[in-house]
Each structure stands twice: as C-alpha cells, then as structure tokens.
1. Taking 0.36 nm per residue of sequence separation and subtracting the Cα-Cα distance, how much length would be gained by fully extending the chain between Gln216 and His132, in nm to one decimal?
2. To test your reading of the geometry: what angle, between 0 and 90 degrees and rounded to tens, separates the Cα axis of helix 231-256 from the longest principal axis of the chain?
3. Based on the Cα gyration tensor of the chain, what are the three equivalent ellipsoid semi-axes, each the root of five times an eigenvalue, rounded to whole Å and given largest first?
4. Would you please name the chymotrypsin sites (Phe, Trp or Tyr not before Pro) within the range 59-108 that are DSSP coil residues with at most 11 other C-beta atoms within 10 Å of their C-beta?
5. Going down the table (Lys11/Lys215; Lys69/Lys248; Lys45/Lys69), which pairs top 27 Å between alpha carbons?
6. Please work out the Cα center distance from the range 46-79 to the range 195-257, rounded to the nearest Å.
7. Could you give the Stokes-Einstein D for the range 3-92 in µm² per second, using the C-alpha Kirkwood radius, 25 °C, 0.890 mPa s?
8. Assuming R0 = 30 Å, what is the FRET efficiency of Arg103 and Lys184, from their Cβ-Cβ distance, to the nearest 0.05?
Amino acid sequence: MAGFFISHVSKIYEGATPTSTLVDIELTIEDGEFLSILGPSGCGKSTLLEILAGLQRPTSGEIFFGNEKLDGPGIERGVVFQDPSLYPWRTVLRNVELGLELRGMSRSDRREAAQRCLDLVGLHGFEQKYPHQLSGGMRQRAGLARALANRPEVLLMDEPFGAVDHLTRLQLQDDLLHIWEAEKKTVVFVTHDVSEAVYLGDRVVLLSPRPGRIKQIFKVPQPRPRKRDDLELLRIQNEIYAAIVEAKSAESLEFTI
Ligand SMILES: Nc1ncnc2c1ncn2[C@@H]1O[C@H](COP(=O)(O)OP(=O)(O)OP(=O)(O)O)[C@@H](O)[C@H]1O
Ligand SMILES: [Mg+2]
C-alpha cells in the first residue's frame with residue numbers, strides 16, 4: 001500500500017528567527033493517486049515533499065506510509081527535484097544505475113534495469129552521453145529515470161519541469177502521465193502552475209501563502225487522456241484562481257490587523 005496519511009503535521013524551522021512553514025496539515029494520499037500540490041512561492045511545498053521523502057522531520061504531527069509510521073528516507077519513495085543534479089563525470093546510463101550500484105546490484109542486472117528506465121522516459125540512444133551533452137528537458141528525463149530505477153512505489157516530484165521551456169514541459173507532462181499509468185505508482189507532484197496541477201492531478205491541494213495551510217482541495221474527475229482545452233478543466237482552473245485571490249486577500253487582511 002503506497003498511500004500516505006498525514007496527521008496534524010506542522011513544521012517550524014528553528015534558528016535566530018524561527019519560521020513557521022507548515023501548519024496542521026491533515027491529508028490522505030491514496031495508493032496510486034496522482035496528487036498535485038499547488039501554492040505560492042515560500043508556502044512550504046518543498047518542505048512538505050521533503051517531509052514525505054523523510055529528508056525533513058515535522059516539528060509536530062505524524063505521517064504514515066501504508067501502515068508504517070514514516071521515519072526517514074526509503075527506496076520505496078523516489079524523489080525528483082527541479083534540478084536533477086546528475087554527476088557530470090558519469091554517462092547518462094551510469095547516472096541512472098548509480099543507486100542500484102550503491103545497493104550492490106550486479107552489473108548486468110543494473111544495466112538492464114537502467115536501460116529499461118531510460119527507454120521508459122524516451123532516452124533510448126542517449127545512454128553513453130554525458131549530462132552536459134543533453135538538453136534541459138533530457139536531463140530532467142534522466143533524473144526521472146534515475147528515480148524510477150529503484151522501482152519506487154511513490155514518486156515525489158518537486159517542480160520537476162519548472163526549468164524547461166513551455167513546449168517541452170507539455171511533452172514531459174504527457175510522458176509522465178503515460179509512465180504513471182503504465183507503472184501504477186503514487187505520484188505527489190509539487191508545482192506553482194495552476195494549469196499543470198489541474199491537467200495532471202486526480203486532486204489538487206491548494207496551500208495558502210506562508211505559513212502553508214491546506215486552503216482547499218479540488219477534485220479533478222475528468223477521465224484521461226484529458227484535453228488541455230477541456231471546459232471542465234478550465235472551470236476547475238478558474239475556481240482555483242479565485243481561491244488563490246481569496247487566500248491572498250485574507251493574508252493581506254491578517255497583515256493589516
Ligand atoms: N532548511 C531551511 N531552514 C530554514 N528555513 C527554511 C529551510 N527550508 C525552507 N525554509 C523556509 O521555509 C519556507 C518555505 O520554504 P519551501 O522551500 O518549503 O517553500 P516552497 O513552497 O517550496 O517555495 P518555492 O515555490 O519558492 O520553491 C520559506 O520561508 C523558507 O525560507
Ligand atoms: Mg520549493
């Protein structure tokens with residue numbers, strides 16, 4: 001069971017000026033769901049994703065992954081960051097197989113696994129290239145292949161397509177959906193792009209400006225494949241824009257009081 005149960009999670013970054021970042025997050029993520037997390041810069045999206053990855057601990061609250069209380073990172077949860085940070089001195093293939101190598105998998109098994117993932121993300125033929133020989137979108141694909149190589153049950157993705165051009169981004173979204181459907185993984189996808197969140201997600205969790213609270217959860221019941229100009233998707237997008245404007249004005253109200 002690759003779902004999460006997030007119970008009353010809050011996060012305060014300690015320091016000279018403690019920063020309250022997440023407040024009382026209560027959320028269930030279903031096994032196999034594609035969940036988008038949307039919110040303005042600084043609202044705690046990355047923090048929430050890092051908590052799910054086990055890279056950060058919440059200040060209070062608990063998280064369950066399946067029936068287990070979450071305590072640290074695990075290979076069943078693969079993370080894809082905005083910057084794929086591939087090792088420049090390793091070929092694409094050897095970057096993708098790195099995790100398997102560290103786990104002691106035999107050379108032939110890890111080659112086969114890495115090749116399968118490179119095929120899956122559309123990088124067949126680029127195995128022997130070095131990261132600097134790839135375009136930004138291709139590097140992102142390599143980062144995704146590296147996460148998939150460990151056969152995670154969950155993909156935790158933090159604005160993975162934020163740095164690529166618009167057309168490449170649309171293509172990467174569709175490719176990710178195909179992989180999600182073929183591999184039946186749970187995906188938690190952080191973005192600040194409303195149309196991306198709605199096009200991809202089964203649900204969209206909207207966080208309020210910092211400190212992040214769950215402002216509203218939107219269901220996107222449209223079957224896939226979806227059309228980007230689907231009127232129902234556009235209606236949900238508009239509903240989300242309205243909620244964002246409302247959250248902003250509530251924030252400025254709080255500020256003036
Ligand atoms: N390691 C850290 N130590 C101290 N404060 C941090 C740390 N990481 C994040 N923060 C603070 O927590 C808040 C939320 O940061 P976070 O990176 O989670 O936001 P975000 O929603 O991902 O923003 P963006 O859309 O810009 O990526 C910010 O105010 C940030 O300064
Ligand atoms: Mg972030």
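Bear in mind that the values in this text are calculations on the coordinates, not laboratory data. None of the values given here were measured: they were computed from a predicted structure. Positions of Cβ are generated from backbone atoms using ideal geometry, with glycine treated the same way; all protein chains shown enter the neighbour counts.
1. Taking Gln216 through His132 to full extension adds about 26.2 nm, to one decimal.
2. The answer is roughly 60 degrees.
3. Ellipsoid half-lengths, sorted descending, are 31, 22, 17 Å.
4. Trp89
5. From Lys11/Lys215; Lys69/Lys248; Lys45/Lys69, over 27 Å: Lys69/Lys248.
6. The two parts, judged by their Cα centres, are 24 Å apart.
7. In µm²/s, the coefficient rounds to 169.
8. 0.85
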